[in-house]
């Protein structure tokens, strides 16, 4: 009977491999069909199938994702990045700063929102300095992956392996994984990976325009007026000291108005003063940079709206039969009528000489507005203009929200690391607090739960149980041992890394862990050695996924925007994968076999 069970399990594993590689159906449904088959043939009992859903690590993964999404919603990371990334920097300087910060934060925060928030900064910096973003986006993804491998909570892959360690019955006295069990390999590899990418990214990565950058070249150029506010870092600086005249594709300084005198012929030695009105030409995304606290500028048209906690930047176009035509911007009174403030105007290449408030609107004018919360309700049914797009959402979180959310999350992680409060309980308390204090909407928070991920993890644990019960794990483990062990235990660790890495690159890391973990721990048990290095090597090989875009979520995020091909990932990712294997196998062998 066990032989029959083993055949079924082998067929199920083959089905999973082919289905995920060919992308027949989604990963969650693939695992559902696989585990359902195992249940129908009696290889798994209903309680064994459902046991994974009770695993503490699944709840921890979900809570970390919820907190990561809450941090993204409150724009904490975006505000932080605005402060640490200066406008002026060399390629190597920006690359190094980006990798250090993203890698460090990824050790404790979900790397997906980090990469999502950082991508616009990469594009803006790239366009400003005439460097293709394809030279930066893969390093951004890789830095997030490298940082995620430093701690238990840095990546969901580590937490899945932790859950499997708790569920496994082969080595009853195997201790659960702790917060910094990954540190001794993860941290050195974070440093080595950053050094490798620092020296080889520009050489190995393509200089290729993405669809986003090609589109940006045809974006509308707006005229915007901004005032140098009191205490601004721009006071007593020359035009040459700023970036305002260096790149006409960006925010380009056209004129300066001082004491009602218009200065148009600006040389690099022109000194800026407090209260100067600067007139810029720029596209919609770069104009929103003026709204940053670090810009040193203020938009006079905003007034009290600048104090609102939630604003959005929208584009509208004046309709041909609009009642706003021939009226000046001041006469329209956007704030009183629409709960919005006009910040910039575009008129098909026509030069606008008047103050923005004195411009008379024409049909076809495209306006950039800062919109308040009542904007949507007030424009219902209007024929005066059409909404083109929502450019950006601006949030100004209160200090207590930042401290509650970010401080609470880091405190929960710290208390778990020193074994004072279990991570599960700490995160539960933080989630309760951010709901009680209304840091985020209690109704919106559940929308960010990744149910597919929870199902995949739970069913992965069930698959591991089936592999062990049917003897498949033992058979494959003995086969792997027969190939690699004659060359030594170090070779066996390397073999498991290679197998896991290849599977993770082409069928996702979660599936790779589900298949290889029971094999690795069985192999360690069969040769009578400490299973911990085998557990960790599976986690590192699955999480440190650099050779394809489909192996890891952040790779997929940068794949399209960077205009990359599979070959680009392999060219720079394969040497990094080999480096990771050498370092992880070497350190784990020294720690556990010497």
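Table: residues versus (1) at pLDDT below 90; (2) assigned by TED's automatic domain parsing to the domain that holds residue 315; (3) under 30 Å from residue 132 (Cβ atoms).
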{"residue": "159", "(1), (2), (3)": "yes, no, no"}
{"residue": "162", "(1), (2), (3)": "yes, no, no"}
{"residue": "173", "(1), (2), (3)": "yes, no, no"}
{"residue": "187", "(1), (2), (3)": "no, no, no"}
{"residue": "199", "(1), (2), (3)": "no, no, yes"}
{"residue": "228", "(1), (2), (3)": "yes, no, no"}
{"residue": "237", "(1), (2), (3)": "yes, no, yes"}
{"residue": "243", "(1), (2), (3)": "yes, no, yes"}
{"residue": "252", "(1), (2), (3)": "yes, no, yes"}
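Residue pairs whose Cβ atoms lie under 7 Å apart, separated by 6 or more positions or on different chains, with the first residue in segment 281-298 and not assigned by TED's automatic domain parsing to the domain that holds residue 348 and the second modelled with pLDDT under 70 and part of a strand (DSSP E or B), are 284/391; 285/391; 288/391; 288/392; 291/394.
Taking the listed residues 336, 364, the one that is over 16 Å from residue 388 (Cα atoms), out of contact with any helix residue (DSSP H, G or I) (no Cβ under 9 Å at 6 or more places or on another chain) and not assigned by TED's automatic domain parsing to the domain that holds residue 281 is 336, with no other qualifying. Can you work out which of the residues in segment 18-29 that are in contact (Cβ under 8 Å) with a residue 60 or more places away in the chain and assigned to a helix (DSSP H, G or I) is nearest to residue 456 (Cα to Cα)? Among them, the one singled out is 28. Can you tell me which residue in segment 377-403 is farthest from the chain's Cα centre (by Cα), limited to those that are modelled with pLDDT of 80 or more and assigned to a helix (DSSP H, G or I)? Ranking the candidates gives 378 first.
Evaluated against (1) farther than 21 Å from residue 524 by Cα; (2) in contact with a helix residue (DSSP H, G or I) (Cβ under 9 Å, 6 or more places away or on another chain), residue 183 falls short on exactly one condition, (2). For residue 421, the test of being farther than 23 Å from residue 588 by Cβ, touching a helix residue (DSSP H, G or I) at 6+ places or on another chain (Cβ under 9 Å) and either part of a loop (DSSP other than H, G, I, E, B) or in the same structural domain as residue 567 (by TED's automatic domain parsing) (or both) is passed.
Residues in segment 105-118 that are assigned to a helix (DSSP H, G or I) and touching a residue at least 60 places away in the same chain (Cβ under 8 Å): 111, 112, 115, 116.
Inspection of segment 49-66 identifies no residue that is out of contact with any helix residue (DSSP H, G or I) (no Cβ under 9 Å at 6 or more places or on another chain) and modelled with pLDDT of 85 or more.
Scanning segment 419-435 for residues that are at pLDDT below 85 and farther than 18 Å from residue 159 by Cβ returns 434, 435.
Evaluation of residue 121 against the conditions (1) more than 22 Å from the chain's Cα centre (by Cα); (2) over 26 Å from residue 63 (Cβ atoms); (3) at pLDDT below 85 shows that the sole unmet condition is (1). When residue 282 is tested against (1) modelled with pLDDT of 80 or more; (2) closer than 20 Å to residue 357 by Cβ; (3) touching a strand residue (DSSP E or B) at 6+ places or on another chain (Cβ under 9 Å), only condition (1) is not met. Taking the condition surrounded by fewer than 20 Cβ atoms within 10 Å (Cβ to Cβ) and over 18 Å from residue 456 (Cα atoms), does residue 502 pass? Criteria met by residue 502.
The values are calculated or read from the model by the stated rules, or taken from the named source; none is laboratory data. For clarity, every value in this text was computed on a predicted model and none was experimentally measured. When we count neighbours, we look across all protein chains shown, and the Cβ atoms used for this are built from the backbone with ideal geometry, even at glycine.
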